[in-house]
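To start, the structure under review is shown below, and the notes come after it.
Rule-based calculations on the coordinates, nothing more; no lab input. A quick note: this is a predicted structure, and the numbers were derived from the prediction, not measured. Positions of Cβ are backbone-derived with ideal geometry, glycine not excepted, and every protein chain shown enters the neighbour counts.
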Amino acid sequence: MASSLIKLGILDLRIGRPVAGGAMIARHEGRIVLVDGGIPGERVRARVSRAQRDVIFASVTEVLEPDADRRQVGGDQSCGGHSYAHIAYDRQRELKSELIADGLNRLGRLAWTTPIPVMPSPERGYRMRARLHVRGGRVGFLKEGTHRVCDAAQTRQLLPETESVLGEIAQCLLAARLRHSIKIELAENLTGNERVLHVMLGRRDDTSHIAGLGRCSGVTGLTASRPGGQIQTVAGVPTVGDPLALMTPVSGTQSVTRRAASFFQANRFLLPRLVSQVCQRVRLGPVLDLYTGVGLFATALAAQGIGPITAVEGDTVAAEDLSTNARAFGQRLQPVHASVEEFLAGIPRPSAETVIVDPPRSGMSRTAIERLAAAQPGRLIYVGCDVATLARDVGKFSRAGYAVRHLEAFDFFPNTPHVEILATLDLTNAARQ
């Protein structure tokens, strides 16, 4: 059946609701079709790319009945981070709100009916953290579902100054004698005046091959590592940093710094708002910050005099940056290098009144959820970038006795189906032991 469906080539479809990942649902002869490039309500022709037993995958080739919210797209829409670019921006936010509510109902098994606000972001130059790929002298993002490099500038995610830097990087790498295709992690600060590159080399590549990257205009630091090896500083200052006063109501000089290899939030325009909203929802008393990364929320809270705070991070590089950031706050902020599962197993019952969790896209493990729910902190603040895993995890906490008190989203990734979500959950009186 799958091969016969592929032979159909072009399907005439009516586009239905959005699904996580960027596609829209349609149906053909009773089977689900996941269509890229559509808008709910449109009638389109779509080319089948592949088919499984129950699902067909296709991309729009012609719009027969366009939606009023369809807009022109400059460049190649398949270039990474561009899959919603054909949809008017306000409609994108509506679709993301629908995706979150649908996830909470279907995956979280919650009866969620309240509209979920999605805070808008400028579409141009929002991204201050990105992974770049180098293939055949080209530097950019990958085309969706391929290993082919495409021009990052056409997606408009990066600052114009950063796009210029990418051109210089490509010229430098043409002269380098690298044996393998490489990846580059790029990190900038909020204002864009600090920019660090981290190059992931092949085992036989030498840092001397990339030294020229440190001389590119706009690059303030360059680091590198080989598989399984330590991070080396090749040129400049290896970190970027932001004063906490840009994100919290403090007047001090403390900053949160990080290397390009450490995880950090990507949207420079909405990050201060997210930090502010998380801090406002923290109750007085001890705070436990899990999956803390370099300590963004923990340092913001400590700078306001809130604490004591225990910040837990399992990644070695991020944990090192966390320890550096925590020094300014003394006993108020205690960094811990351990996985969340190991940390929760090592203490009989956390004393924190508020627990913040900001897990990776895969969400929390079953063990972490069970151990945290058994500890019964009064408030959970969950920050997540994946609708499906957040809905799944929030649903599990709900069944463990927590009620969702507040939910909002931040459009950290314009022109994509991805969205950052903030959920606040409180332990119900009935669940307290």
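What's the extension gain from residue 161 to residue 284 if we count 0.36 nm per residue and subtract their Cα-Cα distance? That works out to 40.0 nm of additional length. Placing +1 on the Cβ of every Lys and Arg and -1 on the Cβ of every Asp and Glu, with no other charges, gives the stretch 241-431 a dipole of roughly 320 debye about its Cα centre.
Annotation: amide H of residue 192 has no partner in the under-5 Å range at sequence separation 5 or more or interchain, hydrogens built in the peptide plane.
Under the simplified labelling scheme, the residue 230-residue 432 pair shows an inter-label distance of 5.0 nm, with each label point 7 Å from Cα along Cα→Cβ.
For the chain, the cysteines with no partner cysteine C-beta closer than 4.7 Å are 172, 216, 279, 385.
Here the simple spin-label model places points 7 Å from the Cα toward Cβ, and for residue 206 and residue 90 these points are separated by 6.0 nm.
Listed values for the stretch 90-96 are Karplus-derived 3J(HN,Hα) couplings in whole Hz (6.51 cos²θ - 1.76 cosθ + 1.60, θ = phi - 60°), namely 4, 5, 4, 5, 4, 5, 5, and x replaces Gly and Pro. With the cut-off at under 14 Å, measuring from each backbone N in the stretch 143-169 to a point 7 Å along the Cα-to-Cβ line of residue 135 picks out 143-152. Could you list which residues have their amide H under 5 Å from that of residue 87, counting only those 5 or more apart in sequence or on another chain, with H placed in the peptide plane? Distant-sequence amide H within range of residue 87: 71. Computed over the chain with a Gaussian network model linking Cα atoms closer than 10 Å, the most mobile of 334, 77, 280 is 280. The HN-Hα couplings worked out from phi for the stretch 134-142 by the Karplus form 6.51 cos²θ - 1.76 cosθ + 1.60 (θ = phi - 60°) are 10, 9, x, x, 9, 10, x, 8, 9 Hz, whole numbers, x standing for Gly and Pro.
The amide H of residue 356, built 1.01 Å from its N in the peptide plane, has 288, 289, 290, 381 as neighbours under 5 Å, considering only residues 5 or more places off or on other chains. Dipole magnitude for the chain: about 740 debye, using +1 per Lys or Arg Cβ and -1 per Asp or Glu Cβ, origin at the Cα centre.
When 64, 296 are sorted by how many other C-beta atoms sit within 10 angstrom of their C-beta, beginning with the fewest, the order is 64, 296.
Under the convention that each Lys and Arg Cβ holds +1 and each Asp and Glu Cβ holds -1, the size of the dipole of the stretch 1-70 around its Cα centre is about 280 debye. Taking 56, 369, 116 as the candidate residues, the one with maximal mean-square fluctuation in a Gaussian network model of the chain, Cα springs under 10 Å, is 56.
Each Cα pair under 8 Å and six or more residues apart adds its separation to the average, and for the chain the resulting relative contact order is 13 percent.
With neighbours defined as other Cβ atoms within 10 Å of a residue's Cβ, the residues 209, 82 order from fewest to most as 209, 82. Reported to the nearest whole Å, the Cα centre-to-centre distance from the stretch 324-390 to the stretch 97-121 is 23.
Computed 3J(HN,Hα) for the stretch 410-423, one whole-Hz value per residue from the Karplus formula 6.51 cos²θ - 1.76 cosθ + 1.60 where θ = phi - 60°, is 10, 7, 5, 10, x, 6, 9, x, 7, 7, 8, 10, 10, 10, glycine and proline marked x.
For the chain, modelled as a GNM with alpha-carbon contacts under 10 angstrom, which of 217, 121, 208 fluctuates the most? So, out of 217, 121, 208, the one fluctuating most is 208.
Each of 231, 309, 210 has some number of other Cβ atoms within 10 Å of its Cβ, and from fewest to most they run 231, 210, 309.
Between residue 114 and residue 245, the contour length at 0.36 nm per residue exceeds the Cα-Cα span by 43.8 nm.
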